[in-house]
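As structure tokens, the structure follows; a few thoughts come after it.
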Amino acid sequence: MNVQFMFGLLAIMFYLGAAGAQYYLPRTGLLKEKKSVFILGFVAILLHAVVLYFDIFAVDKEINLGIFNAASLVAGVIAFMLLLTLLHKPVESLILMAFPLAALTIALEFIFETHRVVKSDLGMGVTLHIFISILAYSFLTISAFQAIFLAYQERQLRHKRLGWILRQLPPLQVMENLLFQMVFLGFILLSLSLLTGFIFFNDLFGQHLVHKTFFSLIAWLVFALLLWGRWRYGWRGQTAIRWNLGGFFLLLLAYFGSKFVLEVILKR
């Protein structure tokens, strides 16, 4: 068993352990479940970072951003951001989705090897664009998780089903406010991502970026309309959920659609 595989296996175990603690401990009435989840999650993220280092920086002066490495990187960033948010906001429920997803991406890294090698000396501008893009996608992914839980919460309340999961979620208004806070931050970062992309990339066709740019612009428009509708008409509930998930799906196509076609289907 090599060191990289061992770190990956441990990261998966700690991610699932943190998600399991979040699911099980509140039912026992223990008061320190958040601390346990935080510690397990923090260790998982550290181990995940080691795995990412081996996978992405495996070759000198080159960076392997194959689709599964990129997905794992985004999932790790989401887990880290969610863990930091946990210190200030009631986002415990999102851990039940984000941490198992991060564990899955680590497993996919080991099962499927894809290569999308780029030079490490990309320049400050391109590096900044990539960093902001990852942050934007991470925030908007968390908002999509929040939208899914909000949809579940609304459905259960509408049918007067007060199950255990529903009792663990914050009040509906708090969940909705958190959703729009995440969408707003993600929208700002997505705007910066598009701006830096237009500034620092010149050959969109040669670098297979047309697909990403097109869907990113449509997603940006969807999120802009969602925020405008919230400000102008007070959009909420199912309307906000549908617009949010629609924008996220477009962003998913932008970030991973072309990578999947090029690397997995066409093997390029």
- Message: Could you check the range 196-243 and list, in sequence order, the residues that are modelled with pLDDT of 90 or more and basic (Lys, Arg)?
- Response: 230, 232, 242
- Could you grab the pairs with beta carbons closer than 7 Å, sequence gap of 6+ or different chains, first residue in the range 62-77 and closer than 16 Å to residue 132 by Cα, second one outside any helix (DSSP H, G or I) and open to solvent by 30 Å² or more (accessible area, probe 1.4 Å)? 65/116; 65/118
- Give me the pairs: first residue in the range 219-230 and over 10 Å from residue 191 (Cα atoms), second residue outside any helix (DSSP H, G or I), beta-carbon distance under 8 Å, and six or more apart or on different chains, which are they? 226/235; 229/235; 230/236
- Query: Can you name every residue in the range 76-98 that is part of a helix (DSSP H, G or I) and more than 18 Å from residue 147 (Cβ to Cβ)?
  - Reply: 76, 77, 79, 80, 83, 84, 86
- Per the filter on the range 207-254, residues among the aromatic types (Phe, Trp, Tyr) and open to solvent by 30 Å² or more (accessible area, probe 1.4 Å) are 214, 215, 220, 228, 231, 233, 235, 243, 248, 249
- Message: Show the residue pairs meeting these rules: Cβ distance below 9 Å; 6+ apart or different chains; first residue within the range 172-197 and part of a helix (DSSP H, G or I) and aromatic (Phe, Trp, Tyr); second residue modelled with pLDDT under 90 and open to solvent by less than 60 Å² (accessible area, probe 1.4 Å).
- Response: none
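Hey, could you check the range 49-75 for residues that are of a type in the set (A, V, I, L, M), part of a loop (DSSP other than H, G, I, E, B) and closer than 21 Å to residue 123 by Cβ and say which is modelled with the highest pLDDT?
The extreme case among them is 65.
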- Sole residue being over 19 Å from residue 131 (Cα atoms) and open to solvent by less than 60 Å² (accessible area, probe 1.4 Å), chosen from 51, 43: 43
- Return a yes/no flag: does the range 85-107 have any residue that is of a type in the set (A, V, I, L, M, F, W, C), more than 21 Å from residue 135 (Cβ to Cβ), modelled with pLDDT under 85 and surrounded by 15 or more Cβ atoms within 10 Å (Cβ to Cβ). no
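The values are calculated or read from the model by the stated rules, or taken from the named source; none is laboratory data. Just so it is clear, the structure is predicted and the values come from calculations on it, not from any experiment. Virtual Cβ from ideal backbone geometry, glycine too; neighbours counted across all protein chains shown. We work out accessible area using only protein heavy atoms, side chains counted, and drop any ligands, DNA or RNA first. Shrake-Rupley method; radii C 1.70, N 1.55, O 1.52, S 1.80 Å.
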